[in-house]
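Below is one structure, written out as C-alpha coordinates, with a few remarks after it.
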Amino acid sequence: MQTIASSEPIRSLELNGSQIIILGTAHISQKSIDEVSRIIQEEKPDTVCVELCASRMRSVQDPDHWKKLDIFKVFKERKMWLLLSSLILSSFQKKLGHGNIRPGDEMRKAIDEGNKIHAKIVPVDREISTTLKRAWWNVGFWSRMFLFSTLVSSLIAKEEISPEKIEEMKSDDVLKDLFSQLPSRYQSVKNVIIDERDSYLAQRIREQAAVGKKIFAVVGAGHLEGIMKNISEDRNIEHLDILPTKGFWDIVRPLLFPAIIISAFTALYWFGGKEEGQEFLVRWILVKGGLAALGAIIALAHPISILLAFIAAPIGNFNPIIKPGWVAALSESWFRKPLVEDFEKLGEDTETFSGYWKNKVTRIFLVFMLPQLGSSIGTFIVSKQIFDKIIKFIGAFF
(Lines give C-alpha, C1' and ligand atoms only; values in the text may rest on other atoms or scores of the structure.)
Protein backbone atom coordinates (compact mmCIF):
# COMPACT_ATOMS: atom_id res chain seq x y z
CA MET A 1 0.00 0.00 0.00
CA GLN A 2 1.35 3.39 -1.01
CA THR A 3 0.44 6.80 0.37
CA ILE A 4 -0.54 9.71 -1.88
CA ALA A 5 -1.21 13.13 -0.39
CA SER A 6 -4.83 14.16 -0.89
CA SER A 7 -7.49 16.20 0.85
CA GLU A 8 -10.06 13.56 -0.21
CA PRO A 9 -10.54 9.86 0.73
CA ILE A 10 -7.95 8.03 -1.37
CA ARG A 11 -6.33 4.58 -1.54
CA SER A 12 -3.30 3.40 -3.49
CA LEU A 13 -1.90 -0.10 -4.01
CA GLU A 14 0.40 -2.18 -6.18
CA LEU A 15 -1.21 -5.02 -8.11
CA ASN A 16 0.49 -7.28 -10.67
CA GLY A 17 3.22 -4.69 -11.15
CA SER A 18 0.76 -1.86 -11.75
CA GLN A 19 -0.09 1.08 -9.50
CA ILE A 20 -3.78 1.66 -8.75
CA ILE A 21 -5.02 4.92 -7.24
CA ILE A 22 -8.66 5.07 -6.14
CA LEU A 23 -10.27 8.39 -5.19
CA GLY A 24 -13.51 8.51 -3.19
CA THR A 25 -15.74 11.47 -4.05
CA ALA A 26 -19.07 13.09 -3.30
CA HIS A 27 -20.86 13.47 -6.63
CA ILE A 28 -21.69 17.12 -5.99
CA SER A 29 -18.45 18.35 -4.40
CA GLN A 30 -16.23 21.06 -5.85
CA LYS A 31 -13.32 19.71 -3.80
CA SER A 32 -13.76 16.32 -5.44
CA ILE A 33 -13.71 17.90 -8.90
CA ASP A 34 -10.55 19.86 -8.10
CA GLU A 35 -8.85 16.78 -6.67
CA VAL A 36 -9.65 14.69 -9.73
CA SER A 37 -8.02 17.33 -11.92
CA ARG A 38 -4.95 17.64 -9.68
CA ILE A 39 -4.26 13.91 -9.43
CA ILE A 40 -4.56 13.28 -13.17
CA GLN A 41 -2.29 16.22 -13.97
CA GLU A 42 0.34 15.17 -11.41
CA GLU A 43 0.21 11.36 -11.65
CA LYS A 44 -0.48 11.15 -15.40
CA PRO A 45 -2.15 7.70 -15.37
CA ASP A 46 -2.37 5.70 -18.58
CA THR A 47 -5.88 4.50 -17.63
CA VAL A 48 -8.71 6.48 -16.01
CA CYS A 49 -11.62 4.44 -14.61
CA VAL A 50 -14.90 6.17 -13.83
CA GLU A 51 -17.88 4.97 -11.82
CA LEU A 52 -20.16 5.04 -14.83
CA CYS A 53 -21.69 2.32 -16.97
CA ALA A 54 -21.28 2.47 -20.74
CA SER A 55 -24.73 4.01 -21.30
CA ARG A 56 -24.29 6.67 -18.60
CA MET A 57 -20.86 7.56 -19.95
CA ARG A 58 -22.38 8.15 -23.37
CA SER A 59 -24.91 10.47 -21.74
CA VAL A 60 -22.18 12.33 -19.84
CA GLN A 61 -20.13 12.78 -23.00
CA ASP A 62 -23.12 13.79 -25.12
CA PRO A 63 -24.78 16.97 -23.78
CA ASP A 64 -27.53 16.60 -26.37
CA HIS A 65 -28.50 13.03 -25.45
CA TRP A 66 -32.02 14.13 -24.46
CA LYS A 67 -32.61 15.21 -28.07
CA LYS A 68 -32.15 11.60 -29.15
CA LEU A 69 -34.52 10.09 -26.60
CA ASP A 70 -37.76 8.86 -28.16
CA ILE A 71 -40.13 8.78 -25.17
CA PHE A 72 -42.85 7.17 -27.31
CA LYS A 73 -40.46 4.28 -27.94
CA VAL A 74 -39.69 4.11 -24.20
CA PHE A 75 -43.37 3.53 -23.40
CA LYS A 76 -43.90 1.28 -26.40
CA GLU A 77 -41.10 -1.00 -25.18
CA ARG A 78 -42.41 -0.77 -21.59
CA LYS A 79 -39.24 0.76 -20.21
CA MET A 80 -41.09 3.56 -18.41
CA TRP A 81 -40.29 2.36 -14.89
CA LEU A 82 -36.59 2.27 -15.71
CA LEU A 83 -36.71 5.77 -17.23
CA LEU A 84 -38.78 7.10 -14.34
CA SER A 85 -36.36 5.71 -11.74
CA SER A 86 -33.41 7.19 -13.61
CA LEU A 87 -35.13 10.58 -13.94
CA ILE A 88 -36.04 10.64 -10.25
CA LEU A 89 -32.50 9.86 -9.16
CA SER A 90 -31.05 12.36 -11.61
CA SER A 91 -33.49 15.07 -10.60
CA PHE A 92 -32.88 14.44 -6.89
CA GLN A 93 -29.12 14.73 -7.39
CA LYS A 94 -29.56 17.99 -9.33
CA LYS A 95 -31.33 19.47 -6.31
CA LEU A 96 -28.30 18.71 -4.17
CA GLY A 97 -25.96 20.58 -6.51
CA HIS A 98 -24.57 23.95 -5.53
CA GLY A 99 -24.14 26.78 -8.04
CA ASN A 100 -22.82 25.47 -11.32
CA ILE A 101 -21.92 22.02 -9.95
CA ARG A 102 -23.88 19.22 -11.60
CA PRO A 103 -24.11 15.64 -10.35
CA GLY A 104 -21.29 13.64 -11.87
CA ASP A 105 -19.12 16.66 -12.69
CA GLU A 106 -16.13 14.90 -11.12
CA MET A 107 -16.64 12.07 -13.63
CA ARG A 108 -16.82 14.58 -16.49
CA LYS A 109 -13.63 16.18 -15.20
CA ALA A 110 -11.92 12.78 -15.05
CA ILE A 111 -12.92 12.06 -18.65
CA ASP A 112 -11.84 15.51 -19.88
CA GLU A 113 -8.49 15.49 -18.04
CA GLY A 114 -7.86 11.88 -19.08
CA ASN A 115 -8.45 12.73 -22.73
CA LYS A 116 -5.99 15.65 -22.47
CA ILE A 117 -3.14 13.25 -21.57
CA HIS A 118 -4.42 10.59 -24.01
CA ALA A 119 -5.27 8.15 -21.21
CA LYS A 120 -7.59 5.23 -21.79
CA ILE A 121 -11.06 6.05 -20.36
CA VAL A 122 -12.89 3.02 -18.95
CA PRO A 123 -16.44 2.92 -17.52
CA VAL A 124 -16.24 0.31 -14.74
CA ASP A 125 -19.74 0.33 -13.27
CA ARG A 126 -22.52 -2.14 -14.01
CA GLU A 127 -25.27 -1.03 -16.38
CA ILE A 128 -27.79 1.03 -14.42
CA SER A 129 -30.71 -0.90 -15.95
CA THR A 130 -29.29 -4.16 -14.58
CA THR A 131 -28.75 -2.67 -11.11
CA LEU A 132 -32.27 -1.22 -10.94
CA LYS A 133 -33.92 -4.42 -12.16
CA ARG A 134 -31.95 -6.60 -9.74
CA ALA A 135 -32.83 -4.28 -6.85
CA TRP A 136 -36.49 -4.03 -7.89
CA TRP A 137 -37.04 -7.79 -8.13
CA ASN A 138 -35.25 -8.49 -4.85
CA VAL A 139 -38.07 -7.00 -2.76
CA GLY A 140 -41.78 -7.70 -2.51
CA PHE A 141 -44.61 -5.66 -4.00
CA TRP A 142 -45.28 -3.47 -0.95
CA SER A 143 -41.58 -2.83 -0.40
CA ARG A 144 -41.35 -1.74 -4.04
CA MET A 145 -44.22 0.67 -3.55
CA PHE A 146 -42.63 2.05 -0.37
CA LEU A 147 -39.25 2.57 -2.04
CA PHE A 148 -40.86 4.16 -5.07
CA SER A 149 -42.99 6.51 -2.95
CA THR A 150 -39.87 7.46 -0.99
CA LEU A 151 -38.09 8.35 -4.23
CA VAL A 152 -41.05 10.39 -5.45
CA SER A 153 -41.40 12.22 -2.13
CA SER A 154 -37.71 13.11 -2.31
CA LEU A 155 -38.54 15.19 -5.38
CA ILE A 156 -41.02 17.29 -3.43
CA ALA A 157 -38.71 17.85 -0.45
CA LYS A 158 -36.72 21.09 -0.64
CA GLU A 159 -33.91 20.30 1.77
CA GLU A 160 -30.87 22.54 1.56
CA ILE A 161 -27.58 20.65 1.72
CA SER A 162 -24.68 22.74 3.00
CA PRO A 163 -21.16 22.44 1.57
CA GLU A 164 -20.09 21.06 4.97
CA LYS A 165 -22.74 18.34 4.73
CA ILE A 166 -21.54 17.44 1.24
CA GLU A 167 -17.99 16.96 2.53
CA GLU A 168 -19.35 14.84 5.39
CA MET A 169 -20.95 12.55 2.79
CA LYS A 170 -17.44 11.31 1.93
CA SER A 171 -17.12 9.74 5.37
CA ASP A 172 -17.42 5.95 5.30
CA ASP A 173 -18.88 5.96 8.84
CA VAL A 174 -21.73 8.26 7.79
CA LEU A 175 -22.56 6.09 4.78
CA LYS A 176 -22.41 2.90 6.85
CA ASP A 177 -24.71 4.46 9.43
CA LEU A 178 -27.15 5.41 6.67
CA PHE A 179 -27.51 1.85 5.42
CA SER A 180 -27.46 0.31 8.89
CA GLN A 181 -30.66 2.27 9.61
CA LEU A 182 -32.54 0.60 6.74
CA PRO A 183 -35.12 -2.01 7.84
CA SER A 184 -33.88 -5.58 7.43
CA ARG A 185 -36.35 -6.21 4.58
CA TYR A 186 -34.38 -3.75 2.45
CA GLN A 187 -31.03 -5.47 3.05
CA SER A 188 -31.32 -7.10 -0.39
CA VAL A 189 -31.61 -3.63 -1.97
CA LYS A 190 -28.46 -2.49 -0.17
CA ASN A 191 -26.70 -5.68 -1.32
CA VAL A 192 -27.55 -4.95 -4.96
CA ILE A 193 -26.87 -1.21 -4.99
CA ILE A 194 -23.77 -1.18 -2.77
CA ASP A 195 -22.22 -4.61 -2.08
CA GLU A 196 -22.65 -6.13 -5.55
CA ARG A 197 -21.32 -2.99 -7.19
CA ASP A 198 -18.35 -2.93 -4.79
CA SER A 199 -17.37 -6.34 -6.14
CA TYR A 200 -18.16 -5.32 -9.72
CA LEU A 201 -16.17 -2.07 -9.56
CA ALA A 202 -13.23 -3.78 -7.85
CA GLN A 203 -12.98 -6.49 -10.50
CA ARG A 204 -13.32 -4.08 -13.42
CA ILE A 205 -10.60 -1.83 -11.96
CA ARG A 206 -8.45 -4.90 -11.27
CA GLU A 207 -8.79 -5.98 -14.91
CA GLN A 208 -7.22 -2.71 -16.03
CA ALA A 209 -4.10 -3.52 -14.00
CA ALA A 210 -3.44 -6.35 -16.45
CA VAL A 211 -3.11 -3.93 -19.37
CA GLY A 212 -2.02 -0.63 -17.80
CA LYS A 213 0.84 0.47 -15.55
CA LYS A 214 -0.86 3.30 -13.67
CA ILE A 215 -4.60 3.24 -13.13
CA PHE A 216 -6.60 6.08 -11.57
CA ALA A 217 -10.19 5.29 -10.56
CA VAL A 218 -12.85 7.83 -9.52
CA VAL A 219 -15.67 6.31 -7.45
CA GLY A 220 -18.26 7.43 -4.90
CA ALA A 221 -16.84 7.50 -1.37
CA GLY A 222 -19.36 4.89 -0.26
CA HIS A 223 -17.71 2.28 -2.49
CA LEU A 224 -14.11 2.95 -1.44
CA GLU A 225 -13.75 0.48 1.43
CA GLY A 226 -15.83 -2.19 -0.32
CA ILE A 227 -13.60 -1.98 -3.38
CA MET A 228 -10.48 -2.30 -1.24
CA LYS A 229 -11.86 -5.46 0.39
CA ASN A 230 -12.50 -7.07 -2.99
CA ILE A 231 -9.75 -5.85 -5.30
CA SER A 232 -6.94 -8.10 -4.08
CA GLU A 233 -8.74 -11.26 -5.25
CA ASP A 234 -9.60 -12.12 -8.85
CA ARG A 235 -13.36 -12.78 -9.02
CA ASN A 236 -15.89 -13.96 -11.57
CA ILE A 237 -18.57 -11.24 -11.79
CA GLU A 238 -20.60 -12.63 -14.71
CA HIS A 239 -23.43 -13.62 -12.36
CA LEU A 240 -23.80 -9.96 -11.30
CA ASP A 241 -24.95 -9.09 -14.83
CA ILE A 242 -27.71 -11.71 -14.87
CA LEU A 243 -31.23 -10.31 -14.68
CA PRO A 244 -33.60 -11.97 -12.19
CA THR A 245 -36.08 -14.45 -13.61
CA LYS A 246 -39.72 -14.65 -12.61
CA GLY A 247 -40.59 -17.37 -10.15
CA PHE A 248 -43.69 -19.58 -10.15
CA TRP A 249 -45.70 -17.09 -8.05
CA ASP A 250 -44.72 -14.19 -10.34
CA ILE A 251 -46.15 -16.15 -13.30
CA VAL A 252 -49.30 -17.36 -11.54
CA ARG A 253 -50.20 -14.13 -9.70
CA PRO A 254 -51.33 -12.12 -12.81
CA LEU A 255 -53.66 -14.98 -13.75
CA LEU A 256 -55.14 -15.46 -10.29
CA PHE A 257 -57.16 -12.25 -9.98
CA PRO A 258 -58.77 -12.47 -13.46
CA ALA A 259 -59.78 -16.04 -12.63
CA ILE A 260 -61.41 -14.87 -9.38
CA ILE A 261 -63.28 -12.02 -11.12
CA ILE A 262 -64.52 -14.27 -13.94
CA SER A 263 -65.67 -16.81 -11.36
CA ALA A 264 -67.48 -14.05 -9.44
CA PHE A 265 -69.32 -12.84 -12.58
CA THR A 266 -70.24 -16.44 -13.37
CA ALA A 267 -71.62 -16.85 -9.86
CA LEU A 268 -73.67 -13.65 -10.26
CA TYR A 269 -75.22 -14.97 -13.47
CA TRP A 270 -75.87 -18.29 -11.76
CA PHE A 271 -77.50 -16.93 -8.60
CA GLY A 272 -78.96 -13.63 -9.80
CA GLY A 273 -79.81 -14.36 -13.40
CA LYS A 274 -78.94 -12.55 -16.62
CA GLU A 275 -80.11 -9.11 -15.51
CA GLU A 276 -78.04 -9.13 -12.33
CA GLY A 277 -74.95 -10.27 -14.22
CA GLN A 278 -75.36 -7.65 -16.94
CA GLU A 279 -75.93 -4.89 -14.37
CA PHE A 280 -72.59 -5.61 -12.68
CA LEU A 281 -70.85 -5.96 -16.03
CA VAL A 282 -72.01 -2.44 -16.97
CA ARG A 283 -71.00 -1.22 -13.52
CA TRP A 284 -67.54 -2.77 -13.99
CA ILE A 285 -67.11 -0.91 -17.28
CA LEU A 286 -68.45 2.44 -16.10
CA VAL A 287 -66.79 2.58 -12.67
CA LYS A 288 -63.35 1.32 -13.73
CA GLY A 289 -63.40 3.23 -17.02
CA GLY A 290 -64.78 6.37 -15.40
CA LEU A 291 -62.19 6.46 -12.60
CA ALA A 292 -59.35 5.74 -15.05
CA ALA A 293 -60.58 8.56 -17.28
CA LEU A 294 -60.87 10.82 -14.22
CA GLY A 295 -57.22 10.07 -13.42
CA ALA A 296 -56.27 11.04 -16.97
CA ILE A 297 -58.34 14.23 -16.70
CA ILE A 298 -56.60 15.17 -13.42
CA ALA A 299 -53.29 14.64 -15.23
CA LEU A 300 -54.53 17.04 -17.96
CA ALA A 301 -54.13 14.36 -20.59
CA HIS A 302 -54.97 14.71 -24.27
CA PRO A 303 -58.67 13.95 -25.01
CA ILE A 304 -57.72 10.80 -26.94
CA SER A 305 -55.54 9.66 -24.02
CA ILE A 306 -58.55 10.12 -21.70
CA LEU A 307 -60.77 8.08 -24.04
CA LEU A 308 -58.18 5.29 -24.32
CA ALA A 309 -57.83 5.15 -20.53
CA PHE A 310 -61.61 4.66 -20.26
CA ILE A 311 -61.63 1.89 -22.89
CA ALA A 312 -58.57 0.05 -21.54
CA ALA A 313 -59.51 0.06 -17.84
CA PRO A 314 -62.33 -2.57 -17.90
CA ILE A 315 -60.20 -5.08 -19.82
CA GLY A 316 -56.87 -4.28 -18.13
CA ASN A 317 -57.37 -6.95 -15.44
CA PHE A 318 -57.80 -9.64 -18.07
CA ASN A 319 -55.08 -8.61 -20.51
CA PRO A 320 -51.51 -8.02 -19.24
CA ILE A 321 -50.69 -5.99 -22.35
CA ILE A 322 -53.57 -3.49 -22.24
CA LYS A 323 -53.32 -1.39 -19.07
CA PRO A 324 -55.09 1.99 -18.86
CA GLY A 325 -52.03 3.88 -17.59
CA TRP A 326 -49.72 2.42 -20.19
CA VAL A 327 -52.16 2.96 -23.09
CA ALA A 328 -52.89 6.55 -22.00
CA ALA A 329 -49.20 7.39 -21.55
CA LEU A 330 -48.34 5.85 -24.91
CA SER A 331 -50.97 8.08 -26.50
CA GLU A 332 -49.78 11.12 -24.55
CA SER A 333 -46.14 10.58 -25.57
CA TRP A 334 -47.29 10.46 -29.20
CA PHE A 335 -49.43 13.59 -29.15
CA ARG A 336 -47.34 15.68 -26.73
CA LYS A 337 -43.70 14.79 -27.09
CA PRO A 338 -41.48 16.48 -24.46
CA LEU A 339 -38.95 19.07 -25.55
CA VAL A 340 -35.28 19.00 -24.60
CA GLU A 341 -35.89 21.86 -22.17
CA ASP A 342 -38.46 19.71 -20.34
CA PHE A 343 -35.74 17.18 -19.49
CA GLU A 344 -33.30 19.93 -18.58
CA LYS A 345 -35.80 21.60 -16.23
CA LEU A 346 -36.86 18.42 -14.40
CA GLY A 347 -35.04 19.34 -11.19
CA GLU A 348 -36.46 22.87 -11.20
CA ASP A 349 -40.03 21.96 -12.19
CA THR A 350 -40.37 19.16 -9.62
CA GLU A 351 -39.71 21.60 -6.78
CA THR A 352 -43.34 22.76 -7.00
CA PHE A 353 -46.56 20.77 -7.11
CA SER A 354 -47.77 22.56 -10.24
CA GLY A 355 -44.44 21.87 -11.93
CA TYR A 356 -45.37 18.21 -12.38
CA TRP A 357 -48.17 19.31 -14.72
CA LYS A 358 -46.11 22.06 -16.35
CA ASN A 359 -43.25 19.75 -17.36
CA LYS A 360 -44.22 17.46 -20.25
CA VAL A 361 -41.98 14.62 -19.03
CA THR A 362 -43.49 14.39 -15.56
CA ARG A 363 -46.97 14.97 -16.94
CA ILE A 364 -46.62 11.89 -19.14
CA PHE A 365 -45.78 9.90 -16.03
CA LEU A 366 -48.81 11.39 -14.28
CA VAL A 367 -50.88 10.22 -17.25
CA PHE A 368 -49.27 6.82 -16.75
CA MET A 369 -49.88 6.55 -13.00
CA LEU A 370 -53.19 8.34 -12.27
CA PRO A 371 -55.41 6.35 -14.71
CA GLN A 372 -53.82 3.18 -13.36
CA LEU A 373 -54.59 4.29 -9.81
CA GLY A 374 -58.17 5.20 -10.76
CA SER A 375 -58.68 1.82 -12.41
CA SER A 376 -57.35 0.01 -9.33
CA ILE A 377 -59.74 1.94 -7.07
CA GLY A 378 -62.58 1.01 -9.43
CA THR A 379 -61.56 -2.65 -9.26
CA PHE A 380 -61.73 -2.56 -5.45
CA ILE A 381 -65.13 -0.81 -5.38
CA VAL A 382 -66.90 -3.07 -7.89
CA SER A 383 -65.23 -6.27 -6.65
CA LYS A 384 -66.45 -5.56 -3.13
CA GLN A 385 -69.98 -4.95 -4.43
CA ILE A 386 -69.90 -8.18 -6.43
CA PHE A 387 -68.73 -10.33 -3.53
CA ASP A 388 -71.21 -8.66 -1.14
CA LYS A 389 -73.98 -9.57 -3.60
CA ILE A 390 -72.78 -13.16 -3.96
CA ILE A 391 -72.63 -13.59 -0.18
CA LYS A 392 -76.19 -12.24 0.05
CA PHE A 393 -77.41 -14.70 -2.61
CA ILE A 394 -75.66 -17.60 -0.91
CA GLY A 395 -77.15 -16.62 2.45
CA ALA A 396 -80.65 -16.46 0.94
CA PHE A 397 -80.13 -19.77 -0.86
CA PHE A 398 -79.23 -21.66 2.30
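The values are calculated or read from the model by the stated rules, or taken from the named source; none is laboratory data. No experiment lies behind these values; they were computed from the predicted model shown. Here Cβ is always computed from backbone atoms with ideal geometry, including for glycine, and neighbour counts include all displayed protein chains. Note: areas computed on protein heavy atoms with side chains; ligands, DNA, RNA excluded. Shrake-Rupley method; radii C 1.70, N 1.55, O 1.52, S 1.80 Å.
Just give me the residues in the range 115-132 being on the phi < 0 side of the Ramachandran plot and part of a loop (DSSP other than H, G, I, E, B), in sequence order. Steps first, answer last, please.
Pass one, the range 115-132, residues on the phi < 0 side of the Ramachandran plot: 115-117, 119-132.
Selection gives ILE117, ALA119, VAL124, ASP125, ARG126, GLU127.
So for the range 206-214 (the condition being assigned by the TED database to the domain that holds ALA119 and farther than 23 Å from LYS44 by Cα), does at least one residue qualify? Spell out how you get there, then give the answer.
Within the range 206-214, the first condition is being assigned by the TED database to the domain that holds ALA119, and the residues that meet it are 206-214.
Imposing the further condition that a residue be farther than 23 Å from LYS44 by Cα reduces the set to none.
No, that holds for no residue.
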Checklist entry - When the range 212-246 is examined, which residues are found to be closer than 20 Å to GLU113 by Cβ and assigned to a loop (DSSP other than H, G, I, E, B)? => result GLY212, LYS213
Next on the checklist: Considering only the range 289-300, I want to know if a residue exists there that is out of contact with any Asp or Glu (no Cβ under 6 Å at 6 or more places or on another chain), more than 11 Å from GLN372 (Cα to Cα), open to solvent by less than 60 Å² (accessible area, probe 1.4 Å) and small (Gly, Ala, Ser).
Outcome noted: yes
Checklist outcome for this item: PHE387 vs (1) at pLDDT 85 or above; (2) open to solvent by less than 60 Å² (accessible area, probe 1.4 Å): all pass except (2)
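Which of the residues that make up the range 330-353 are at pLDDT 85 or above and in a loop (DSSP other than H, G, I, E, B)?
Within the range 330-353, ARG336 is the sole residue that qualifies.
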